[in-house]
1. Mind checking whether some residue in segment 492-500 is in contact (Cβ under 8 Å) with a residue 24 or more places away in the chain and in a helix (DSSP H, G or I)?
2. Picking from M233, M227, which residue would you name as being outside any helix (DSSP H, G or I) and modelled with pLDDT of 85 or more?
3. Which condition breaks for G562 when tested against (1) of a type in the set (G, A, S); (2) out of contact with any Pro (no Cβ under 6 Å at 6 or more places or on another chain); (3) more than 22 Å from T702 (Cα to Cα)?
4. With respect to the numbered conditions (1) within 30 Å of L417 (Cα to Cα); (2) outside any loop (DSSP other than H, G, I, E, B); (3) not hydroxyl-bearing (S, T, Y), which one is the sole condition not fulfilled by G64?
5. Which of the residues spanning segment 317-359 are buried (at least 21 other Cβ atoms within 10 Å of the Cβ) and closer than 29 Å to G64 by Cβ?
6. Considering (1) out of contact with any strand residue (DSSP E or B) (no Cβ under 7 Å at 6 or more places or on another chain); (2) surrounded by 16 or more Cβ atoms within 10 Å (Cβ to Cβ); (3) within 19 Å of Y255 (Cβ to Cβ), say which one A289 fails and leave the rest.
7. Could you please give the count of residues in segment 405-436 that are part of a loop (DSSP other than H, G, I, E, B), surrounded by 13 or more Cβ atoms within 10 Å (Cβ to Cβ) and among the polar types (S, T, N, Q)?
8. Can you report the number of residues in segment 85-100 which are assigned to a helix (DSSP H, G or I) and not aliphatic (A, V, I, L, M)?
Amino acid sequence: MEQTVLQRPEILAPAGNADMLRAAVFAGADAVYLGLDGYNARRSAGNFDPDALREAVCFCHARGVAVHVTLNTLVYAAELGGLADAVRAVAAAGADAVIVDDLATAQLVRSIAPGLRLHGSTQMSIHTAEGAKMLAKLGYSRAILARELSLAEIEAVVKASPIECEVFVHGAMCMSMSGQCMMSAFLGGRSGNRGACAGPCRLPFDATNGLRPGQPGKACHLSLKDMDLVPHMAQLKAAGVASIKIEGRLRTPEYAAAAVTACRAARAGQPYDEALLRDIFSRSGFSDAYLVGRNDGTMFGVRTEADAAATRAATPKARELFRRELERIPVHFCVSGGVEDGGIKLTAFDDNGSRVNVYSADEPQPAQKDPAPGIERALGKTGGTPFTCAGVEFACGEGGPGFLPGSAWNEMRREALDKLLQKRSEPAPLATKEITLPEYAEHEVGMIPQLAARFETAAQLPGAEYLAKLRYLILPIREADAVPQPLRCKTLLELPRAAFGTVEPDTMRRLAALEGSGFAGVVANNLAQFGYASPLPVFGGLGLNVTNPMSAAEYVCLGACGLLVQPETALTAMRAVAPRQKDGTPVPTAALCYGHLPLMLTRACPLRNVRTSCAGCTHKGKLRDRKGRDFPVRCSAPGSAGMRTVFNPVPLYMGDRLTEMPVDLAVAAFTLEPADRVEEVLTHLFHQQPFDGEFTRGLYYTNN
């Protein structure tokens with residue numbers, strides 16, 4: 001899209017429906033992001049069908065506003081054809097960029113519509129410089145960074161990134177790192193990774209452990225306040241952030257207008273109505289905790305009736321922010337003709353080459369005085385349009401333009417601006433290519449997959465007779481030194497799913513130091529890790545969210561020797577995930593057959609909502625929901641760079657149905673279990689016995 005030169009950072013606003021889009025654009029957004037029906041992370045928003053998308057793009061482009069379309073959900077093999085059609089629809093609409101999560105979507109965009117820019121969704125969990133570099137390698141032009149970054153971490157990523165970086169500046173904060181949450185899927189059967197999050201984290205959860213005896217917990221330990229980084233706009237601008245993003249496609253037009261207006265003022269270094277921004281939507285205030293490196297109870301909040309009442313009271317005031325649209329497109333006028341020609345021609349043109357002509361209905365009369373000042377005043381009245389007068393040029397003969405009444409000039413101006421806006425609204429579809437989707441053979445069922453086991457610590461390792469029956473042992477890289485030398489040839493070192501602060505450079509140094517120490521390979525849990533995990537064999541882990549054969553093939557191209565299928569994937573969809581190498585050799589796939597599933601990976605600590613510090617904490621706790629179920633919480637390390645995991649109360653178990661798992665490797669994930677319990681579970685698995693306690697089959701038998 002040709003458009004006027006924008007200030008930086010770009011203000012990117014949500015458009016959950018046509019009304020919100022209009023409000024965001026009229027209030028002055030530089031770009032909007034919206035969803036196409038079916039393939040975006042906010043399926044419950046109004047979204048747009050292909051026809052409505054074309055109209056939205058034309059409306060925005062006429063006003064110099066870019067349109068980013070979200071295609072940022074995980075997809076299954078059976079959906080790849082529909083996804084390809086969605087990419088064609090986005091290109092036909094002439095959109096500027098697509099926000100992408102699944103590598104399959106990125107591949108389809110590159111193949112079908114190479115003119116579309118790729119933006120890496122926050123669902124990809126990009127939070128380090130190496131992650132941004134990998135996106136650049138894959139043809140992305142922008143990385144949408146994780147919300148959990150501090151200002152120093154943002155600065156470091158932006159400085160090292162070869163592509164643009166976008167950050168969220170206002171709106172809801174998920175408790176979990178985006179792309180690493182399975183809570184909605186496993187508690188309610190609605191996958192947030194598939195665009196249908198039910199928001200169970202906003203429900204009450206009480207802390208029942210990890211506290212001093214008798215210390216009461218507070219409710220809603222998984223509900224964070226909304227983010228507000230608008231007061232830090234100057235710092236983000238100085239950091240080189242290319243785009244600031246407002247979250248909220250499920251909210252109102254008034255919310256979008258208030259947030260855009262505040263961002264525009266802050267970007268210009270001007271004051272803004274902080275009370276209006278808070279009242280139009282908040283959860284008892286805002287938080288900037290991640291940006292400033294604070295991790296405490298002030299981050300948590302819920303939406304109260306007082307908040308809702310404030311919103312109702314603020315809505316009429318916010319509505320005034322988009323009653324008339326912002327004048328932002330420079331328009332130039334040229335007046336030609338005049339008394340000698342018997343008429344006036346008014347030419348209106350913009351800086352991008354669009355040009356229209358209109359003609360006076362009446363003949364001008366000889367002027368008694370210089371008409372230029374009056375003409376300039378009449379043509380400068382562009383209010384109610386997206387245009388602002390950038391100047392008037394006169395190209396008349398010796399008699400000049402002559403005299404026309406002000407009403408005539410007003411009518412010519414209106415007609416010229418209407419025609420110019422219409423010209424700027426003309427569709428500009430992008431070129432597309434026809435492709436044939438690759439065929440993928442389904443994995444056979446009926447065979448018993450080999451067994452592997454993942455352990456949280458080396459202290460959980462079972463006896464030799466159990467270890468001998470396992471194809472692989474998987475342990476976090478921090479446990480490498482504790483792995484006995486004879487076991488290293490079958491041990492994979494798991495890299496962290498999140499690497500904030502110094503974790504990534506520390507991991508890179510640790511990998512370099514372990515080279516030649518006999519380990520079988522590493523498990524990569526983030527796209528970034530494919531840039532530095534070699535020369536050890538690399539296997540794809542839980543954090544990659546692999547659900548279809550095309551994304552699996554993309555990871556194989558990056559060097560993956562095997563891939564774990566995302567646990568929300570039904571067995572029927574899992575059969576089609578297995579990719580093949582260029583020589584036709586199948587690449588092994590794996591799936592979890594046992595384990596307390598990690599429902600959330602969070603940088604915010606649920607227990608800090610009741611604790612004043614980490615001092616004395618065992619880094620273990622529990623959250624109890626309304627039904628009395630206890631969700632274990634484990635903290636990897638204290639401090640702002642540490643990560644916390646919230647686990648499912650009951651384990652997944654497939655030991656008695658291993659032959660139904662269409663994978664090469666079944667992985668038992670041990671996190672909370674002591675060594676003796678590990679041996680009991682392995683015994684059940686080895687003998688394909690029913691489980692000896694409460695368990696779940698997860699989503700393996702759902703129709704997804």
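The values are calculated or read from the model by the stated rules, or taken from the named source; none is laboratory data. Since the model is a prediction, treat every value here as computed from it, not as a measurement. Here Cβ is always computed from backbone atoms with ideal geometry, including for glycine, and neighbour counts include all displayed protein chains.
1. Within segment 492-500, not a single residue is in contact (Cβ under 8 Å) with a residue 24 or more places away in the chain and in a helix (DSSP H, G or I).
2. Result of the check over M233, M227: M227.
3. Tallying (1) of a type in the set (G, A, S); (2) out of contact with any Pro (no Cβ under 6 Å at 6 or more places or on another chain); (3) more than 22 Å from T702 (Cα to Cα), G562 fails exactly one: (2).
4. Of the numbered conditions (1) within 30 Å of L417 (Cα to Cα); (2) outside any loop (DSSP other than H, G, I, E, B); (3) not hydroxyl-bearing (S, T, Y), the odd one out for G64 is (2).
5. A318, L321, F322, I329, V331, F333, V335, I344, L346, A348, D350
6. Here A289 clears every test but (3).
7. 2
8. Step one: filter segment 85-100 for residues assigned to a helix (DSSP H, G or I), giving 85-93.
Going one step further and asking which of them are not aliphatic (A, V, I, L, M), we end up with 85, 88.
Adding up the residues that qualify gives 2.
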